[in-house]
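J.: My questions all concern the structure below.
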Amino acid sequence: DKIPLEPDNDILGFIAEHSRNLSDWQRDVINIVRDETQYFIPQMQTKIMNEGWASYWHSKILTKKALNSSEIIDFADIHSGVMAMSKQNINPYKIGIELMRDIEYRWDTGKFGKEYQECTNLQEKENWHIETNQGREKIFEVRRTHNDITFIDEFFTEEFCNRMQLFTYKYNSRTGRNEIETRDFKEIKSKLLNQLTNFGSPIIEVESANHKNRGELLLRPDILFETLEAIRPERFYLYLT
């Protein structure tokens with residue numbers, strides 16, 4: 001008799017289907033909000049790729065085709081502002097365009113595949129250059145087949161991380177300043193992927209529609225993020241009317 005039989009993360013859909021006291025128009029409003037959210041999910045899943053792809057071609061077209069020499073400085077000034085990294089969040093424009101450029105460069109110079117990965121000579125690997133000229137073809141393929149998580153997981157390499165001088169930081173209460181926490185590639189990549197998982201939001205699931213037989217909707221956080229660690233809630237309660 002348990003509803004739902006398994007935890008359900010479609011909270012709006014669950015309320016629309018199971019709430020007994022909603023009028024038809026209220027149920028319609030909930031379903032409209034749910035449908036609109038689901039419509040935008042694919043765009044939310046490709047934020048870095050979309051912005052990176054647009055920035056790549058914006059820069060390429062303007063600097064190679066559209067602008068004359070007197071206009072380049074103005075473009076560079078505006079473009080650099082868009083590419084600036086934020087202190088609070090990753091900049092999807094910057095990460096996206098630099099990864100697109102890195103992929104194009106690697107596939108143009110042969111810096112991919114089994115032979116390159118297994119090369120242990122650091123000097124040889126640094127100077128590796130085989131004119132494969134597959135970069136443009138590769139970025140079009142990546143655009144067709146990846147979302148942000150698979151894009152970062154596959155192409156965010158240690159060489160790229162070091163070249164971009166990326167690091168994580170945290171607030172030091174003793175000094176009152178934000179300080180570098182780590183430059184370790186694995187930790188940086190892991191935190192970046194965690195920010196992209198479920199769009200950086202906690203995953204909340206419906207655990208019971210009648211908690212303790214009181215008509216209460218029991219919601220369970222499936223993932224606790226750092227912002228919740230100080231509170232460590234075990235359960236969220238929402239009264240279902």
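J.: Could you pull out every one of the aspartates and glutamates with an alpha carbon less than 19 Å from that of LYS47, ignoring same-chain neighbours closer than 8 positions?
T.: Cross-link targets: GLU36, GLU98, ASP102, GLU141, ASP148, ASP153, GLU154.
J.: Do any of LYS65/LYS189; LYS64/LYS191; LYS94/LYS125; LYS125/LYS186; LYS94/LYS138 go past 29 Å between their Cα atoms, and which? Spell out each step's value before the answer.
T.: Values: LYS65/LYS189 36 Å; LYS64/LYS191 36 Å; LYS94/LYS125 26 Å; LYS125/LYS186 21 Å; LYS94/LYS138 19 Å.
From the list (LYS65/LYS189; LYS64/LYS191; LYS94/LYS125; LYS125/LYS186; LYS94/LYS138), the Cα-Cα distance tops 29 Å for LYS65/LYS189; LYS64/LYS191.
J.: Once the piece of chain linking LEU12 and MET85 is laid out straight, how much longer is it, given 0.36 nm per residue of separation minus the C-alpha distance between them?
T.: Working: separation 73, 0.36 × 73 = 26.28 nm, distance 3.50 nm.
That works out to 22.8 nm of additional length.
J.: In the stretch 120-185, which trypsin sites (Lys or Arg not before Pro) are in a loop and have at most 12 other Cβ atoms within 10 Å, using DSSP for the loop call? Don't skip to the end; give the middle numbers.
T.: On the way: sites: LYS125, ARG136, LYS138, ARG143, ARG144, ARG163, LYS170, ARG174, ARG177, ARG183; in loops: ARG174, ARG183.
Those that pass, being in a loop and sparsely packed, are ARG174.
J.: In nm, to one decimal, how far is the modelled label at MET44 from the one at LYS212, with both set 7 Å along Cα→Cβ?
T.: For MET44 paired with LYS212, the spin-label model returns 3.1 nm.
J.: Between (i) 12.9; (ii) 14.3; (iii) 20.5, which matches mean projected area of the Cα convex hull in nm² calculated for the structure shown?
T.: Recomputing mean projected area of the Cα convex hull in nm² here gives the entry labelled (iii).
J.: Still on this structure, I have one more. With a cut-off of 12 Å, note down the residues of the stretch 102-142 whose backbone N falls inside the zone around a label point 7 Å from the Cα of TRP57 toward its beta carbon.
T.: Residues 140 fall inside that zone.
J.: Simple spin-label model, 7 Å along Cα-to-Cβ: ASN127 to ASP184 in nm?
T.: My value for the distance between the label points is 3.4 nm.
J.: Along the stretch 205-210, what does the Karplus equation 6.51 cos²θ - 1.76 cosθ + 1.60 (θ = phi - 60°) give for ³J(HN,Hα), rounded to whole Hz, x for Gly and Pro?
T.: Ordered by residue, 3J(HN,Hα) equals 10, 7, 9, 8, 8, 9 Hz.
J.: For ARG136 and ARG27 in one chain, what is 0.36 nm times their gap in residues minus the Cα-Cα distance, to one decimal in nm?
T.: Here the answer is 34.4 nm.
J.: How do 91-100, 186-195, 9-18 rank on mean C-beta neighbours within 10 Å, highest first?
T.: Working: 91-100: 21.7, 186-195: 14.8, 9-18: 16.5.
Descending mean neighbour count gives 91-100, 9-18, 186-195.
J.: Right, here's the next one. Per residue, how much accessible area does the chain show when a 1.4 Å probe rolls over the protein heavy atoms, in square angstrom?
T.: Values: 16360 Å² over 241 residues.
Per-residue value: 68 Å².
The values are calculated or read from the model by the stated rules, or taken from the named source; none is laboratory data. In this text, all values refer to a predicted model and were calculated from it rather than measured experimentally. Cβ atoms come from the backbone with ideal geometry, glycine included; neighbour counts cover every protein chain shown. When the accessible area is computed, the model is the full protein with side chains, heavy atoms only, and any ligands, DNA or RNA have been set aside. Shrake-Rupley method; radii C 1.70, N 1.55, O 1.52, S 1.80 Å.
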